[in-house]
Amino acid sequence: MSLPQRTSRTIQIGRLKMGGSNPITVQSMAATRTQDLEGTLRQIRILEKAGADLIRIAIDSDKDVEALRILRAQTDAILVVDLQESYRLAEVLAPLVQKIRYNPGHLHHHEKQKSKRDKVAWIVEQAVKHNCALRVGVNCGSVDPEWLEKFPDSDEEAIIHSAAEHCEILDSLGFKNYLVSLKDSDPKQVIDINRRFHAMRPDVPLHLGVTEAGLPPEGIIKTRVAFEQLISRGIGDTLRVSLTVPFDDKGEEIRVGRAIIKDIEEGRFRSVPDFGEKKLNIISCPSCSRVENEKFVELAMAVKDMAQYAKEHAITIAVMGCRVNGPGETDDADLGLWCAPTFVNLKKKEEELGKYSYEEILPRLKNELDQLIAQKQA
Ligand code: SF4
């Protein structure tokens with residue numbers, strides 16, 4: 001068997017061709033702090049050894065850019081960066097990497113008087129100057145507020161329209177070397193938004209991913225379900241499997257990604273598990289250089305073990321590694337934890353319940369979980 005033909009156009013990311021009839025590429029991200037040069041280089045080597053086609057490095061500051069400059073001189077891996085809120089960093093990053101991801105939901109943070117189009121045009125200018133590809137990365141946790149306002153009842157519509165809007169801007173600027181990602185932590189949602197977007201823009205290459213898929217094996221199952229449904233329909237040109245695993249095991253994301261593609265190619269599909277409302281759902285981020293306390297991974301594992309007694313309850317617990325995405329991406333969970341350097345923030349949906357030490361948090365969470373179960377049973 002072979003994978004279905006894809007309708008996406010081919011784009012060029014450094015020496016790599018992506019989309020169209022090119023093989024589906026697999027990527028991951030260095031989880032270490034970028035300024036930890038030794039650790040980050042080690043991560044790059046681990047990912048390369050596992051067969052990563054592209055490796056993302058987190059950049060949050062000028063010091064990170066300096067670190068990237070040093071790393072760039074030591075590796076010829078195809079590197080990708082994420083602009084987060086500082087879109088202006090594109091100018092110094094474009095000469096150092098092969099692809100830049102920008103999030104349409106973060107463009108409004110700075111220079112509010114400047115239009116979206118002007119900001120994108122500026123990013124494109126940097127990309128063209130240095131032969132960089134772009135990814136428009138739309139995430140459920142940080143959708144452009146303008147689109148959320150237009151579709152207050154449907155994040156899904158807001159995500160799809162925001163991505164389509166940026167494709168139109170890029171097209172109108174004559175820039176074609178881009179792809180799009182539409183991510184969510186719910187695999188059903190990932191399938192739906194990607195299928196709908198693909199129907200609108202079959203020419204645009206897609207980067208697939210389920211955010212905060214969590215710990216193996218559940219994180220792998222969630223991702224597999226989404227990828228099976230999409231890749232088997234010719235949707236998806238590159239992918240990332242996001243797993244919460246210790247830094248040294250990050251190569252697992254690549255191995256799992258390749259195994260999923262191979263299984264689909266050879267017609268081995270798993271039955272689709274029910275991600276309906278009746279089961280405990282633990283989501284956790286894959287960790288990255290923004291993690292401020294490495295106890296995060298242990299905590300995610302401990303939460304999973306502790307919460308097993310609640311596995312028949314329709315409760316979502318989210319465990320996030322940092323203050324950048326933690327506060328927003330825990331809003332939809334019944335109980336959310338996000339990690340700071342010396343304490344963990346506990347939330348119940350959007351309500352903040354307090355800050356607890358890494359030692360105190362588990363019993364405190366259990367207490368909230370017990371109350372939630374009691375409420376549901378009542
Ligand atoms: S939540 Fe924070 S630590 Fe986790 S992957 Fe996202 S940015 Fe990185």
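Here's a check for you: in region 185-227, which residue that is hydrophobic (A, V, I, L, M, F, W, C), within 16 Å of the ligand (Cβ to nearest atom) and assigned to a strand (DSSP E or B) is farthest from Arg9 (Cα to Cα)? First the steps, then the outcome.
So the first thing to find is which residues in region 185-227 are hydrophobic (A, V, I, L, M, F, W, C), and the list is 190-191, 193, 197, 199-200, 204, 206, 208, 210, 213, 215, 220-221, 225-227.
When the remaining residues are screened for being within 16 Å of the ligand (Cβ to nearest atom), the result is 210, 213, 215.
Remaining after also requiring assigned to a strand (DSSP E or B): 210, 213.
Numbers: Val210: 23, Ala213: 28 Å.
Ranking the qualifying residues of region 185-227, first place goes to Ala213.
Suppose we keep only residues that are among the small types (Gly, Ala, Ser) and modelled with pLDDT of 95 or more within region 1-29. Which one would you say is farthest from the ligand (Cβ to nearest atom)? Walk me through it before giving the result.
Of the residues in region 1-29, the ones among the small types (Gly, Ala, Ser) are 2, 8, 14, 19-21, 28.
Narrowing the set further to residues that are modelled with pLDDT of 95 or more leaves 8, 14, 19-21, 28.
Values: Ser8: 26, Gly14: 24, Gly19: 25, Gly20: 30, Ser21: 32, Ser28: 12 Å.
So, considering only residues that are among the small types (Gly, Ala, Ser) and modelled with pLDDT of 95 or more, the one farthest from the ligand (Cβ to nearest atom) is Ser21.
Given the criteria crowded, with 16+ Cβ neighbours inside 10 Å, in the same structural domain as Ile44 (by TED's automatic domain parsing), modelled with pLDDT of 95 or more and assigned to a loop (DSSP other than H, G, I, E, B), does Val81 qualify? Explain how you work it out, then say what you get.
Values: crowded, with 16+ Cβ neighbours inside 10 Å: yes; in the same structural domain as Ile44 (by TED's automatic domain parsing): yes; modelled with pLDDT of 95 or more: yes; assigned to a loop (DSSP other than H, G, I, E, B): no.
No; evaluated as a whole, the condition is false for this residue.
Being closer than 30 Å to Gly105 by Cα, more than 16 Å from the ligand (Cβ to nearest atom), in contact (Cβ under 8 Å) with a residue 12 or more places away in the chain and not charged (D, E, K, R) narrows it down to one of Ile315, Ile361, so name that one.
On the way: Ile361 fails: closer than 30 Å to Gly105 by Cα.
Just a single option satisfies the conditions, and that option is Ile315.
So which residues in region 296-312 are more than 18 Å from Asp370 (Cα to Cα) and either surrounded by fewer than 15 Cβ atoms within 10 Å (Cβ to Cβ) or within 11 Å of the ligand (Cβ to nearest atom) (or both)?
So the first thing to find is which residues in region 296-312 are more than 18 Å from Asp370 (Cα to Cα), and the list is 296-301.
Of everything in region 296-312, those that are more than 18 Å from Asp370 (Cα to Cα) and either surrounded by fewer than 15 Cβ atoms within 10 Å (Cβ to Cβ) or within 11 Å of the ligand (Cβ to nearest atom) (or both) turn out to be Phe296, Val297, Glu298, Ala300.
Filter region 313-324 for residues that are assigned to a strand (DSSP E or B) and modelled with pLDDT under 85 and give the result. Give the steps one after another, and end with the answer.
Taking region 313-324 as the starting set, the residues that turn out to be assigned to a strand (DSSP E or B) are 316-320.
The answer is none; no residue qualifies.
Counting only residues that are closer than 25 Å to Glu212 by Cα and not hydrophobic (A, V, I, L, M, F, W, C), which one in region 124-148 is farthest from the chain's Cα centre (by Cα)?
In this case the residue turns out to be Glu146.
Yes or no: Ala340 hydrophobic (A, V, I, L, M, F, W, C), within 16 Å of the ligand (Cβ to nearest atom) and free of Cβ contacts under 8 Å to residues at least 60 places away in the same chain?
On the way: hydrophobic (A, V, I, L, M, F, W, C): yes; within 16 Å of the ligand (Cβ to nearest atom): yes; free of Cβ contacts under 8 Å to residues at least 60 places away in the same chain: yes.
Yes; evaluated as a whole, the condition is true for this residue.
Scan (1) touching a Phe, Trp or Tyr at 6+ places or on another chain (Cβ under 9 Å); (2) of a type in the set (D, E, K, R); (3) over 30 Å from Glu168 (Cβ atoms) for the single condition Lys119 breaks and write down its number.
Of everything listed in (1) touching a Phe, Trp or Tyr at 6+ places or on another chain (Cβ under 9 Å); (2) of a type in the set (D, E, K, R); (3) over 30 Å from Glu168 (Cβ atoms), Lys119 misses just condition (3).
Assigned to a loop (DSSP other than H, G, I, E, B), within 16 Å of the ligand (Cβ to nearest atom) and not assigned by TED's automatic domain parsing to the domain that holds Leu243, is that true of Pro327?
Working: assigned to a loop (DSSP other than H, G, I, E, B): no; within 16 Å of the ligand (Cβ to nearest atom): yes; not assigned by TED's automatic domain parsing to the domain that holds Leu243: yes.
Taking the combined requirement at face value, the residue does not satisfy it.
The values are calculated or read from the model by the stated rules, or taken from the named source; none is laboratory data. Note that the structure is a prediction, hence the values are computed from the model and not measured. Here Cβ is always computed from backbone atoms with ideal geometry, including for glycine, and neighbour counts include all displayed protein chains.
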